[in-house]
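These notes are about the structure you will find just below.
Read-outs: derived from the displayed coordinates by stated rules, not from any lab. Treat the numbers as computed from the prediction; the structure is a model and nothing was measured. With ideal geometry, Cβ positions are generated from the backbone for all residues, glycine too; neighbour counts draw on all protein chains shown.
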Amino acid sequence: MTKTITALSKDNGTRSTIKESVADILEHELDAIIHDWMTLVEKQKDLMLIPLSYEDRTGHLPKLLRDVIARLRLDSGTKAPLSIAATRHAALRRKQGYSVAMVVEESRLLQVSIFTTLHKNTNQLDYGKLLPDVVTIADEVDAQLKQQMLHYMETNAIGIKPSLNP
């Protein structure tokens with residue numbers, strides 16, 4: 001894990017800084033990302049039509065975000081595992097009465113929250129890896145969304161009706 005360290009160089013006395021990886025920033029900003037996501041969700045009238053507690057609305061996010069962080073830490077070219085958390089989230093949202101569009105909107109807001117967090121931490125970022133990591137984040141969040149939608153279609157195909165009782 002890379003940490004931000006400021007040290008005096010022995011050669012010329014100037015300060016040098018070791019930058020943090022995107023994964024490290026997301027990991028230590030996890031709670032802030034979730035809080036920012038919730039703030040965005042609360043502004044979406046269609047999402048707020050379903051009354052949920054803070055925990056019921058955000059409880060899936062730590063697992064989904066940890067899957068994103070794990071994906072960022074994979075060696076280049078390594079195939080990412082499917083997110084079990086994404087399938088569980090789809091099942092939960094279906095039971096809670098969410099539409100497909102609502103799940104897509106939550107996913108979009110998650111990306112906005114992640115990228116906003118990175119923007120807030122630009123002075124700590126390793127810019128050499130930033131763009132590839134942004135692509136990885138977008139790909140992982142979209143892959144999670146695809147998994148969620150596949151679960152929706154499977155449950156629709158076999159006729160499972162959503163239930164408001166968990």
Rough spin-label spacing in nm, given labels placed 7 Å along Cα→Cβ, for residue 149 and residue 44: 1.4 nm
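Highest mean first, how do 70-76, 94-100 rank when packing is the count of other Cβ atoms within 10 Å averaged over residues?
Ranking, from highest mean packing down: 94-100, 70-76.
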query: Where Rh denotes the Kirkwood radius from the mean inverse Cα pair distance, what is Rg over Rh for region 20-157?
result: 0.97
field: Unsatisfied cross-links (Cα-Cα over 30 Å) in the set 19/79; 19/43; 43/129; 45/79
entry: 19/43; 43/129; 45/79
task: Determine the gain in length on full extension of the stretch residue 80-residue 100; use 0.36 nm per residue of separation and subtract their C-alpha separation, reporting nm with one decimal.
output: 4.8 nm
